[in-house]
Amino acid sequence: MSTSINTTAIHAGYEPGNSEPRALPIYQSTTYHYDSVDEVAGLFDLSVEGHMYSRISNPTCDAVERKIAAMEGGVGALLATSGQAATLLAVLNLCSAGDHMVSSATIYGGTVNLFAVTLKRFGIETTFVSPRASVDEIRAACRPNTKLVFGETIANPALAVLDIEAFAQAAHAEGLPLVVDNTFPTPVMCRPFEWGADIVTHSTTKYMDGHAMFVGGVVVDSGNFDWDAHADRFPGLTEPDESYHGVVYTRDFGRAAFITKARVQLVRDLGVYPPAVQAFALNQSLESLPLRIRQHAANAQRVAEWLEGQDAVESVNFPGLESSPDHDLALKYLPQGGCGVISFVVAGGRDRAAALLDALQMISIEVHVADSRTCVLHPASSTHRQLTDEQLVACGVEPGMVRLSCGLEDANDIIADLQQAFAAIA
Ligand SMILES: Cc1ncc(COP(=O)(O)O)c(C=O)c1O
């Protein structure tokens with residue numbers, strides 16, 4: 001198999017035999033047939049591979065998991081019903097009540113909420129550190145009960161670029177895995193395992209789907225973390241699982257220990273596995289992901305450069321711009337570009353930003369990013385509308401800030417719509 005991600009996105013995961021369907025079939029079945037009691041017993045012992053019940057695995061989902069694992073360069077992947085579910089699975093596979101984790105503070109707001117509020121209620125504590133924290137600062141935040149370090153390759157919506165190597169170095173020096181949410185760049189633009197990350201998560205809802213059709217997520221295991229070398233810290237992986245008649249994941253599944261445990265223990269118990277039809281649609285979208293994400297990023301670069309030249313724009317935040325404080329990190333981790341999302345601040349504040357959005361014609365207002373259609377959001381009027389101007393600034397959202405997700409239209413048409421909207425509010 002070619003190592004080009006363009007080819008992997010098309011071919012990995014599904015190889016039809018003679019006279020079998022060329023396109024990945026939708027296996028619309030909750031259940032599977034066995035020839036004998038022994039066959040089914042082997043499945044329950046996890047001693048033979050196969051499908052038991054579609055809450056845990058399904059042939060269509062399995063093909064897509066293999067494709068995403070190949071694209072990220074991992075040993076296995078596990079689909080989930082949302083990006084939130086994927087993050088939750090990655091964390092709960094390592095943390096129990098009484099445990100602790102360290103996370104970059106600049107991550108998706110829903111993940112902040114999951115870590116700081118909901119997981120805290122379940123006894124899992126998080127210390128947030130700056131995405132610019134030094135290796136020593138990250139290490140200083142770790143405790144004896146810390147189980148993982150977490151960050152986001154390109155943070156939504158701050159667009160901060162994670163120094164993956166520094167976070168990995170700090171995590172590994174503490175005997176911990178680094179978990180990276182790689183939603184925005186996708187494995188086409190950045191493969192965090194190549195920089196030392198151990199586990200990757202995605203909201204497939206974003207560029208992997210790319211057409212605003214299905215909410216979904218995935219966890220990918222690099223297979224590189226040596227759980228046995230830190231056996232005391234990770235008994236869930238290195239000691240018998242009584243809920244699975246004594247399976248020891250590291251002993252029985254080797255490099256696939258983490259992802260196997262996440263499936264047969266957590267997904268079994270939490271019930272967050274997607275239906276086959278959703279995986280089928282995701283597979284279709286993944287085939288064009290390399291083409292699409294590069295075009296999203298190229299459009300965003302053009303639009304960001306254009307916005308930077310406008311008097312009506314106070315500032316533009318996009319890692320591909322030389323003016324970005326993260327430009328050096330973007331050159332290192334995202335040499336082909338990052339993603340299609342830009343944020344910019346409209347001169348004149350909250351009301352003028354809202355007026356600009358209302359004046360747009362092609363670009364639509366959506367609580368979403370990464371769609372093939374360009375979309376836009378004014379956080380001060382929507383996701384952050386309960387905050388005063390002072391409170392907005394305190395949490396890093398300017399009242400006039402607009403989040404723009406560049407779609408796949410011609411960049412000239414995106415710019416033309418912005419231009420006429422700026423003219424309309426001048
Ligand atoms: C970077 C990132 N991670 C995770 C999520 C959560 O994903 P989902 O909405 O699919 O649950 C999002 C959603 O916007 C996101 O942007």
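Considering the stretch 257-397 at the alpha-carbon level, its Rg and Dmax are found to be 19.1, 56 Å. Over what distance in Å are the Cα centres of the stretch 69-101 and the stretch 400-421 separated? About 34 Å separates the Cα centre of the stretch 69-101 from the one of the stretch 400-421. For the stretch 5-277, a crude dipole built from +1 on the beta carbon of Lys and Arg and -1 on the beta carbon of Asp and Glu, taken about the Cα centre, is about 740 debye to the nearest 20. Relative to a virtual label point 7 Å from the Cα of THR3 in the Cα→beta-carbon direction, which members of the stretch 188-203 show backbone nitrogen distances below 19 Å? Backbone N within reach: 188-197. Each part reduced to its alpha carbon centroid, the stretch 120-152 and the stretch 299-378 end up 30 Å apart. Building the convex hull from the alpha-carbon atoms of the stretch 5-277 and averaging its projection over directions returns 14.5 nm². Net charge in the neighbourhood of VAL345 (other residues with Cβ under 14 Å of its Cβ; Lys, Arg +1, Asp, Glu -1) is -3. Taking a ≥ b ≥ c as the square roots of the eigenvalues of the Cα gyration tensor, an a/c ratio of 1.5 or more together with a/b no larger than b/c marks the stretch 1-128 as oblate. Averaging Cα coordinates gives a centre for the stretch 29-56 and one for the stretch 167-226; these two points are 30 Å apart.
Between LEU408, ALA423, LEU360, the Cα set farthest toward the positive side of the dipole of the stretch 289-425 (charges on each charged residue's Cβ, about the Cα centre) is that of LEU408. Based on alpha carbons, the Rg and Dmax found for the stretch 263-343 are 18.4, 56 Å. Amide hydrogen proximity for ALA347: with H placed 1.01 Å from N in the peptide plane, the residues at 5 or more positions away or on another chain lying under 5 Å are VAL313, GLU314.
FYI, it's all coordinate maths here, none of it is from the lab. Note that this is a predicted model, so its numbers are computed, not measured. Cβ: placed from backbone, ideal geometry, glycine included. Neighbour counts: every protein chain shown.
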